């Protein structure tokens, strides 16, 4: 028997429940490939795998289901195909899609016994976390950076969720720092990557996530000037494939623009103003430099070398763009080039121009190797850490399948320290968590008929007993309150509310209820005669907001859906995709953050504390 | 560093791009070391008799997978086994069509598909036969052995590897448990230990060199600076400046104890301007925060002193390894300056960019001078010793200087066994560990009993053969191992410890010596991680035994 060893060690019952299970694997990258293999060989019945990414050369050092010939193909589809080849009896389903798409709604999540997160970015992690909370499906969350890894089991109302601790979000810089007043090398790199390159070769209207261009009174004029500057640069695109292009670009961004900045004397009162580079001198120096210098990526180039690489990479990019333009079909969009840390031409261009700018502003120059890491937000990744992390994910999921959450752990892999693997008990939910402490109720609507009034009147007021003084928000956008009721007759569907949308209900009364999230489910069949266009799917009791200070009332002790203090900050509704991290990255210091956060959790306020008894662990082995 | 790769004309090679994510962990030198390595996997030693399935070797194959992916030069699998149905259930690197074929050949073929840069070979025989060729073992940089393996094979293999200075990893993965041990050469030096960046900072505030003193002396006009300049003086210079003032009022002595250092810290803090809109200055906060850590005279760590005192460092010969020649030169440097070469890196701090860069240059220049001095000593030693080997590369000397405060020499130990020849200290450590609550050592002991049981089965004649789950066999070998452990009769082991060992043994017997794929995959990650450290000679390798308990998701390391 092929699975005899599984049965011997896991026992008949667990083996059977694994065989009958249906699990979702989000991410077919480093951890995902390992997980897929382990799940198949541990006897999980049906495995759905989703990933929107395609395979890149730099994946092959660890994502072992992929080969050279798979580059540029869908990770999810290739992973399925290769794993299927090894295990023809496995039941696998693959989606080349974004997990944040609306088609993957709450009821879809509900169809799984367990969800495994093997993702590389915070936005998607948060989304899956939230969906699993709403769908009440256990989530095994994991991540790695270099030699470090982490596995966490998340179960609604029982454990901390992904958002119970504040996560570090990718850093962003004010637009004026990037464009007018760089103070660190990274500012020049972001300038080259997110401003110069897109203006010359890309789609300059795309806003880069790392540049914060919020306008306020202080910088309004500056931002207007910068727009003008950008426009001038865009004009250079016309002549980008000519001999003199590099000279024109240089004169513009390292000449004219710098002279304008020098004139802003306020900026240079207390620091050295930017200094112009000597073009003739650089040209002379660069004449004796071979274009192969760009291959030396560990060493910081001289100014002349940077100039030489700038000129050379500009030409290379211009040629590429021209070629794309010439082969473009009439109905295609104009071709663009975008930064990719693994695309040598764009990396050379960003390194050289960032360094020239750094020299102008008296900042440190960086090697190409370093620029790649800084611009690409590269997170080191190797096969070994992924193998360990994926193995730990499966071990934790076995506890979930045994209904033995009390024995599940938070597990860390650390290079330093006396052990390779450390574990910690799971913490109870953070009562102040903006995500898992919220109440969510499903409301079913008929998309053809349901209006905002149906929701407010029939569901919120009649069924849930809200008063008149409430406000409704979609994300940060206010759609209704007592004074602002114009939208009442509008159809929800026309307001952009679809299957899976969330609407936040705030009670503005004096003795107010906690905030409520309504999750919309659209009816697949038209409403019958007697059913209302919007109906509550599950009755819930909505507790009151705690009185100051934020201590939940004790008489709610019986209610497992614990109230949370109000929070207007809806960190979870973030549809914007930030794919900056490279591979299944974990947040630095989240370990410590967790400890801090959990230390403040009071244990006598009615929260169902998880009592873990270490003496009794190790009960995973079941006698047949 | 780029020299290590014959870089193509157009930029990083596709190889560099493929390995980019790991180059950030061990750099081109580590990668080159991997590519120069050929690894031997001894994945079974033949069947465990007619009643048993034999060693399935999944953890061995998974380990190899994690080495083939990052690009070792090549591997050889030695395994006489034939693929069975039970192999197919646990080993991902076998296909349906592999049934009945050589397991060495099939796993080799499928592992090779993972990385076309890696060469793979296999032998369908017992390793004993291969060892008769004296040229066989020396071709390898590392030997990985999948246990349990009979002693009559294991001992000669590990002993020959020891004589050749080839590291060995001996691993077991059975049911929910796994264990593995590393056997390193008698002295295994590591230069690039990758310490925590925090601990590598050496700012020399109490031993400044003239250029640094000069930079701080430029601060005499501190009071005349405007608020912006005052708030942007790098904290290093602030500390040097105030140290001079302190020394003036303290008979030329720097603050030396905790009390004085706190006084000095308060003094620094009191010098910040608070009349500005921020009500304080960040650079002064940084300076105050750094006092306790940085106002410390240089002292040589005892681990480095021990290395300097080792015979290999004191008595160089023409055949001394590069490591010891450089270590000796560094020792000379320390003897004449009282400090180690300056690493030269500077922490981030509040400062104007131009000031920061010039301060950075002062540190870098000094570091370069120190490297030059050490290099001169090395060259002198090389000619004095009349070494036949190629000159030590400049880069190695530079890297050594940078890491001088964190170098490490691991003293290799044999693969630990509970046997008549066991080291007394090994047995003592195990006995002590048995008294520790929640210790994983009972799992190690149970694996030793399994080894012993397997040894008997493999050396029995066919008529006497028994199952791996035979009660009588387990009982007798448990008593035998416990007796060896206590040096007398097994009753010296307390009831509680016996019960723990029995529980661990029960899990091994339930699994009938078989593997769970998930545990073996995880173990393959752990073992390969150690293999990478050993092959790249970077980071600190396991010294020397790791035990993993999958039921508790917990691992422990022991020096046995």
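The values are calculated or read from the model by the stated rules, or taken from the named source; none is laboratory data. Keep in mind that what you see is a predicted model, and the values were worked out from it rather than measured. FYI the Cβ positions are ideal-geometry reconstructions off the backbone, even for glycines, and counts take in every protein chain you see.
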With touching a helix residue (DSSP H, G or I) at 6+ places or on another chain (Cβ under 6 Å), within 14 Å of chain A (Cβ to nearest Cβ), modelled with pLDDT under 95 and within 22 Å of residue A:40 (Cβ to Cβ) as the only criterion, which of B:63, B:53 stands out?
B:53
Total residues in segment B:191-221, condition on the phi < 0 side of the Ramachandran plot, within 14 Å of chain A (Cβ to nearest Cβ) and either part of a loop (DSSP other than H, G, I, E, B) or surrounded by 13 or more Cβ atoms within 10 Å (Cβ to Cβ) (or both)
5
Count of residues meeting criterion [outside any helix (DSSP H, G or I), surrounded by fewer than 22 Cβ atoms within 10 Å (Cβ to Cβ) and over 34 Å from the mean Cα position of the chain (by Cα)] in segment A:284-322
4
Mind listing just one residue for me: the one in segment B:34-50 that is surrounded by fewer than 24 Cβ atoms within 10 Å (Cβ to Cβ) and at pLDDT 95 or above and, of those, farthest from residue B:516 (Cα to Cα)?
B:36
Of the residues A:338, A:384, A:353, which single one is part of a helix (DSSP H, G or I) and either within 22 Å of residue A:246 (Cα to Cα) or away from chain B (no Cβ under 14 Å) (or both)?
A:353
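Conditions (1) in contact with a helix residue (DSSP H, G or I) (Cβ under 6 Å, 6 or more places away or on another chain); (2) modelled with pLDDT of 90 or more; (3) more than 11 Å from chain B (Cβ to nearest Cβ), marked per residue:
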{"position": "A:9", "(1), (2), (3)": "no, no, no"}
{"position": "A:36", "(1), (2), (3)": "yes, yes, no"}
{"position": "A:49", "(1), (2), (3)": "yes, yes, yes"}
{"position": "A:52", "(1), (2), (3)": "no, yes, yes"}
{"position": "A:56", "(1), (2), (3)": "no, no, no"}
{"position": "A:63", "(1), (2), (3)": "yes, yes, no"}
Give segment A:356-413 a look and list any residue that's surrounded by fewer than 23 Cβ atoms within 10 Å (Cβ to Cβ) and out of contact with any helix residue (DSSP H, G or I) (no Cβ under 9 Å at 6 or more places or on another chain), or say none.
A:377, A:400, A:403
Answer from B:533, B:506 - the residue that is farther than 20 Å from residue B:151 by Cβ, buried (at least 19 other Cβ atoms within 10 Å of the Cβ), within 14 Å of chain A (Cβ to nearest Cβ) and without any contact (Cβ under 8 Å) to a residue 24 or more places away in the chain
B:533
Just to be sure, is residue B:282 in the same structural domain as residue B:214 (by TED's automatic domain parsing), crowded, with 18+ Cβ neighbours inside 10 Å and closer than 19 Å to residue B:203 by Cβ?
no
Is it fair to say residue B:525 is at the interface with chain A (Cβ under 7 Å from one of its Cβ atoms) and at pLDDT 95 or above?
yes
So residue B:483 fits all but one of (1) within 14 Å of another protein chain (Cβ to nearest Cβ); (2) within 30 Å of residue B:47 (Cα to Cα); what number is the exception?
(1)
For segment B:312-329, indicate whether the set of residues that are under 21 Å from residue B:203 (Cα atoms), in contact (Cβ under 8 Å) with a residue 24 or more places away in the chain and surrounded by 14 or more Cβ atoms within 10 Å (Cβ to Cβ) is non-empty.
no
Test: residue B:416 is within 14 Å of chain A (Cβ to nearest Cβ), touching a helix residue (DSSP H, G or I) at 6+ places or on another chain (Cβ under 7 Å) and modelled with pLDDT of 90 or more:
no
Every residue from segment B:75-116 that is part of a helix (DSSP H, G or I), more than 9 Å from chain A (Cβ to nearest Cβ), out of contact with any strand residue (DSSP E or B) (no Cβ under 8 Å at 6 or more places or on another chain) and surrounded by fewer than 19 Cβ atoms within 10 Å (Cβ to Cβ):
B:97
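Yes or no, residue by residue, for (1) farther than 21 Å from residue A:11 by Cα; (2) not in a helix (DSSP H, G or I):
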site: B:504; (1), (2): no, no
site: B:507; (1), (2): no, no
site: B:532; (1), (2): yes, no
site: B:542; (1), (2): yes, yes
site: B:548; (1), (2): no, yes
Among the residues of segment B:294-311, write down those that are assigned to a loop (DSSP other than H, G, I, E, B) and closer than 26 Å to residue B:205 by Cα.
B:295, B:296, B:297, B:298, B:299, B:300, B:301
Kindly indicate whether residue A:459 is crowded, with 16+ Cβ neighbours inside 10 Å and either in contact with a helix residue (DSSP H, G or I) (Cβ under 7 Å, 6 or more places away or on another chain) or not in a strand (DSSP E or B) (or both).
yes
Which members of segment B:169-184 meet the condition of being over 14 Å from the mean Cα position of the chain (by Cα) and part of a strand (DSSP E or B)?
B:170, B:171, B:172, B:173, B:174, B:175, B:177, B:178, B:179, B:180
Going through segment B:127-153 in order, the residues found to be out of contact with any helix residue (DSSP H, G or I) (no Cβ under 7 Å at 6 or more places or on another chain) and part of a loop (DSSP other than H, G, I, E, B) are B:132, B:133, B:134, B:135, B:140, B:149
Look through segment B:509-518, keep the residues that are in contact (Cβ under 8 Å) with a residue 60 or more places away in the chain and facing chain A (nearest Cβ under 7 Å), and return whichever of them is surrounded by the fewest Cβ atoms within 10 Å (Cβ to Cβ).
B:510
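Determine which member of the set A:287, A:342, A:266 is under 22 Å from residue A:183 (Cα atoms) and at pLDDT below 90.
A:266 is the lone residue from the list that is under 22 Å from residue A:183 (Cα atoms) and at pLDDT below 90.
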State whether one or more residues within segment A:428-441 are assigned to a strand (DSSP E or B) and touching a helix residue (DSSP H, G or I) at 6+ places or on another chain (Cβ under 6 Å).
yes
Residues located in segment B:234-257, provided they are touching a residue at least 24 places away in the same chain (Cβ under 8 Å) and part of a helix (DSSP H, G or I):
B:235, B:236, B:237, B:238, B:239, B:240, B:241, B:242, B:243, B:244
Exactly one of these conditions fails for residue B:552: (1) touching a residue at least 12 places away in the same chain (Cβ under 8 Å); (2) within 13 Å of chain A (Cβ to nearest Cβ). Give me its number.
(1)
Among the candidates A:21, A:74, A:4, residue that is at the interface with chain B (Cβ under 8 Å from one of its Cβ atoms) and surrounded by fewer than 24 Cβ atoms within 10 Å (Cβ to Cβ)
A:4
